[in-house]
Amino acid sequence: MRALSLLSRFILILVPPIAMFGQFGPQFREAVQLDLDGKGAEARQLLQKQIDSASSPRQKAEAERAMAMSWAFEGACKKTGEYEQKVIDYWKTQEQANPSNAFYQEGEMADEAARVCIDAGDLDAAETWYRQGHDLGLKEPGISADRKALWEFRWEHAQARIAARRGNRAEAEKHVTAAKAALDQMTDLRRQQESFLPYLTGYVAFYLGDYQTALTDIQKANQNDPFIQCLLGQTYEKLGQHDKAMECYRKAAATNAHNPPAAYARPFARRKLG
């Protein structure tokens, strides 16, 4: 039961459901829908009102995180980072009262910014944010071995993807090996993180031009993740399987999440579908 409780906690922190923002009411949900519909400027007008009228620093930080995701839907690495930094600054005020969650959240927000930047193609900014996320997360006092392994896994995972995007095969393979080693060190969190390994190996294979290996590995990743659906679609395109690619894009375009994978996948898939 303890393992299940810990696992559930990490899942909620990683991808907070829209229901967790229910305190903002209909206007927030309207802003999310506007982002999903590609009307980011209108969405951000509503989100700014939520920021300005927040009843507590925590509520303001949650609205700022939503603002970061609104910019993410436009692939705006710099603006996303600007608002994620505001959320990090909030969590810094919680380090003494709630260190185990505060440092984790700081690292998580930095990784969110990094994810948006790598998807936008700003590899240098992504690397900077991922390093910051790793370093912030590891500052947690008395950090558990499992959580330490998680931060090492994420950092190696990120470095491998960045190296593959830069066309550096040797560097990418080195970091894939290190990511596997970090995953092997996990206990309670291993099961939840395992699907991120074939995502990694498939991603690296795709950007290094090995599309058959990419297909095999990506099919082992989380098939409900809209980013994975897009990556699979791109792989099918490289293999000349247009109909299968379009089916993947249709699935990705249907996501209604408001997080980094959806922020990349929904606009990308809709462009592919025309």
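A few comments on the model shown:
- Computed over the chain, the per-residue total of -39500 (n - 2.57) for DSSP H runs of n ≥ 4 gives a 222 nm mean residue ellipticity of -24000 deg cm²/dmol, rounded to 500.
- Dipole magnitude for the chain: computed about the Cα centre from +1 point charges on Lys and Arg Cβ and -1 point charges on Asp and Glu Cβ, it is near 380 debye.
- Between LYS174 and ARG271, the FRET efficiency estimated from the beta carbon spacing at R0 = 25 angstrom works out to 0.15.
- Applying a 4.7 Å cutoff between beta carbons, the unpaired cysteines of the chain are CYS230, CYS248.
- Dipole-positive endmost among TYR203, GLY142, ALA164 within the chain (Cβ charges, Cα centre): TYR203
- Sites SER100 and GLN59, calculated FRET efficiency, Cβ-Cβ separation with R0 25 Å, nearest 0.05: 0.70
- Residues ASP225, ASP146, ASP52 in ascending order of nearby Cβ atoms (within 10 Å, fewest first): ASP52, ASP146, ASP225.
- The alpha carbon centroids of the range 152-179 and the range 181-234 are separated by 13 Å.
- Counting neighbouring Cβ atoms within 10 Å and putting the fewest first, the residues ARG154, ARG271 line up as ARG271, ARG154.
Every number here is computed from the coordinates shown, using simple stated rules; none is lab data. Keep in mind that what you see is a predicted model, and the values were worked out from it rather than measured. Because the Cβ atoms are built from the backbone with ideal geometry, glycine has one as well, and the counts that use them run over all protein chains shown.
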